[in-house]
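Written below as structure tokens is the structure these notes are about.
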Amino acid sequence: AEMDLISIKEDESLPEAKKIKLGKIQDNIGTRVVVQGWIHRLRLQKGLGFITLRDGTGFIQCILTGDLAKCKTTHELTLESTVTIKGVINKLPEGKSAPGGVELKVDYYEVVGLAPSGEEAFSNKVQENADPSLLLDQRHLALRGESLSAVMKVRSTLLQAIRRFFAEEGLLEVTPPCMVQTQVEGGSTLFKMDYYGEEAYLTQSSQLYLETCLPALGDVFCVQESFRAEKSHTRRHLSEYTHIESELGFIEFDDLLTHLERLITYIVKYVLEDPVGGPLIKQLNPNFVPPQMPFKRMEYIHALDWLNEHGIPNEDGEKFKFGDDIAEAAERKMTDTIGVPILLIRFPVEIKSFYMQKCADDPRVTESVDVLMPNVGEITGGSMRTYDHDELVAAIKREGLDLDSYYWFTDQRKYGTCPHGGYGLGTERILAWLCDRFTVRDCSLYPRFTGRCKP
Ligand code: 4AD
């Protein structure tokens, strides 16, 4: 009852508080600040209260003493409530630890939005060891957790790093359409939609559009959602993922491979050097080893030998033979055993897409590449493109695709063709590798996969 009488009042004689985000606490030591955020952790003990405040840019430990620690409002605080807090930021004395090595001595605070207690309490909604599908139902809340939010921050840093690399290499960013009428990676994973009475699809890859940009804009890239109606539940397949794709004109296959090595090495370097991303990778993936150029290169045909020598069977449980797909399980075993990034090259025509250029020295195989990373497997797929008009038309027919819908794609080969190639990187796959996540689902804000399109 006594507690009820204590009300929180601001001491008007104190210096005016400076409004800051928690990312800037180090620049404001000794200053009276006003910070706003969510109660991430809360501990009340005799005459003392500890609030760990979170605002997305960082965390700070706030100390409540005296009346502030005793009053009813404080005792009714809950996790995830929003508060405005004023006080002075101090360096922690030796031997104590808190985020950033500082604490905020609170002199005044206000509740902005009180979160529920009891049954509806945040800790009941998002339990760390809960069933993954229950956590996915509560994704809007689960995102506030330390690991998921850390991955999302690394994701942002990664996309910045990619754009920086492409800018340095002179590639221009474009935004191709998501609603399309052509397939790129096979009919079995197409999401069909009704487009004003016509059949259309959600794009599987922006590649064909990027190819049309080369004559207009030079080398290009895009960061665009791709959609795949994958039927199987695997830890590395999403129905919607962020596809980083680029297309380079007047190059040869070897140029494509060295470009890919540089791309991966540099973006990792940039992310590790970043003040936000770097420390988070150390936290999420302490044993991460940055890749070194040049990467190991391995021909498909030699991968088959390796798999057969190591007793890893194909999907029918037999020895691998030329033309077999190296499915996820076998690919993972090989990559994890070898333990370094691999550029797996020269896949057979019959297991790759229609647009791939055949090797001049062996027309059974293509100028194609998959980049394989330990613990994840394939993170990138690319190739040189068939640039001869008639050969491309024949390939489209061979695959049983409707030539008419590809008129714009084949037309380019008539109006000044050139050798060119490109690739697609799965953002969530690179993140799973960088952040050591078990599944790409942990690397997407709101993952979509078979049976899940909410929240
Ligand atoms: O190997 P894919 O299918 O290649 C293409 O789409 C080419 N047209 C790209 C190009 O050359 N422009 O896909 C490329 C990458 C894969 O290596 C993988 O990282 C990712 O996209 N990916 C997926 N990521 C998550 N979920 C899925 N269902 C994915 N399918 C492909």
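The values are calculated or read from the model by the stated rules, or taken from the named source; none is laboratory data. These figures come from a predicted structure and were not determined experimentally. Note that each Cβ is placed from the backbone with ideal geometry, even for glycine, and that neighbours are counted across all protein chains shown.
Return the pair list, or none, for Cβ contacts closer than 7 Å from residues in the range 238-252 that are at negative phi to residues that are within 9 Å of the ligand (Cβ to nearest atom) and modelled with pLDDT under 95, at least 6 apart or on different chains.
Close Cβ pairs (under 7 Å, with a partner that is within 9 Å of the ligand (Cβ to nearest atom) and modelled with pLDDT under 95) amount to SER239/GLU230.
Determine which member of the set GLN160, GLN183 is assigned to a loop (DSSP other than H, G, I, E, B) and surrounded by 14 or more Cβ atoms within 10 Å (Cβ to Cβ).
GLN183
Restricting the search to the range 349-376, which residues are part of a loop (DSSP other than H, G, I, E, B), within 16 Å of the ligand (Cβ to nearest atom) and not hydrophobic (A, V, I, L, M, F, W, C)?
LYS352, SER353, TYR355, GLN357, GLU367, PRO374, ASN375
Can you confirm whether the range 384-392 contains a residue that is in contact with a Lys or Arg (Cβ under 8 Å, 6 or more places away or on another chain), more than 21 Å from ALA329 (Cβ to Cβ) and buried (at least 20 other Cβ atoms within 10 Å of the Cβ)?
Yes: the range 384-392 contains one or more residues that are in contact with a Lys or Arg (Cβ under 8 Å, 6 or more places away or on another chain), more than 21 Å from ALA329 (Cβ to Cβ) and buried (at least 20 other Cβ atoms within 10 Å of the Cβ).
So is LEU392 hydrophobic (A, V, I, L, M, F, W, C) and within 16 Å of the ligand (Cβ to nearest atom) or not?
yes
Within the range 317-331, work out how many residues are under 33 Å from the mean Cα position of the chain (by Cα) and surrounded by fewer than 18 Cβ atoms within 10 Å (Cβ to Cβ).
Residues in the range 317-331 being under 33 Å from the mean Cα position of the chain (by Cα) and surrounded by fewer than 18 Cβ atoms within 10 Å (Cβ to Cβ): 5 in total.
Among the residues of the range 73-83, is any within 30 Å of PRO275 (Cα to Cα) and either at pLDDT below 95 or in contact with a Lys or Arg (Cβ under 9 Å, 6 or more places away or on another chain) (or both)?
yes
Looking for something at pLDDT 95 or above, of a type in the set (D, E, K, R) and more than 37 Å from the chain's Cα centre (by Cα) - is there at least one such residue anywhere in the range 50-58?
no
Sort out which residues of the range 395-454 are among the small types (Gly, Ala, Ser), part of a helix (DSSP H, G or I) and either closer than 30 Å to ALA161 by Cα or away from the ligand (no atom under 15 Å from the Cβ) (or both), and write them in order of number.
Correct list: SER405, ALA432.
When the range 216-249 is examined, which residues are found to be over 23 Å from MET384 (Cβ atoms), in contact with a Leu (Cβ under 7 Å, 6 or more places away or on another chain) and surrounded by fewer than 16 Cβ atoms within 10 Å (Cβ to Cβ)?
If the condition is that a residue be over 23 Å from MET384 (Cβ atoms), in contact with a Leu (Cβ under 7 Å, 6 or more places away or on another chain) and surrounded by fewer than 16 Cβ atoms within 10 Å (Cβ to Cβ), then ALA229 is the only one that fits.
Could you list all residues from the range 335-348 that are in contact with a helix residue (DSSP H, G or I) (Cβ under 9 Å, 6 or more places away or on another chain) and within 16 Å of the ligand (Cβ to nearest atom)?
PRO341, ILE342, LEU343, LEU344, ILE345, ARG346, PHE347, PRO348
When ILE379 is evaluated against the numbered criteria (1) in a strand (DSSP E or B); (2) surrounded by fewer than 17 Cβ atoms within 10 Å (Cβ to Cβ), which criterion, by number, is the only one it fails?
So the condition that ILE379 fails would be (2).
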